[in-house]
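Trainee: Let me give you the structure first, and then I'll get to my questions.
FYI, it's all coordinate maths here, none of it is from the lab. Remember, it's a predicted structure, so these values are computed and weren't measured experimentally.
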């Protein structure tokens, strides 16, 4: 239980972001693979092609699940997987304008779901809800 609480707090600590379309928030636009949905994923050099969280199908499936749960549809996002030390005190981060989800490879599943909700809220309402007031965060 204590570990779950820590994971939730770490994921929530990393939310929100500002606009920067010139260099994609310092991450650039290179990606390793694009899925059939258009989701772009960069996992190198953090992961290898055969690693579980380097599988584009994982992110596409989870994004579909989050869209179904929230009732919000949006174009597939760009996702970058990094090492935990690259996001100190954060499990993930959502940047707006252009949309970018960055997740730590240790908790990629929960971080991705959480940041995808920020993305979907931002896409549909223009408010990424950095205060986590939406009931979607607890429901999805």
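Trainee: With just the Cα atoms defining each centre, how far is the range 86-140 from the range 46-75? Give it in Å.
Mentor: 13 Å
Trainee: When you take every Cα atom in the range 42-140, what is the radius of gyration, and what is Dmax, the widest Cα pair distance, in Å?
Mentor: Cα radius of gyration and Dmax of the range 42-140 are 12.8, 37 Å respectively.
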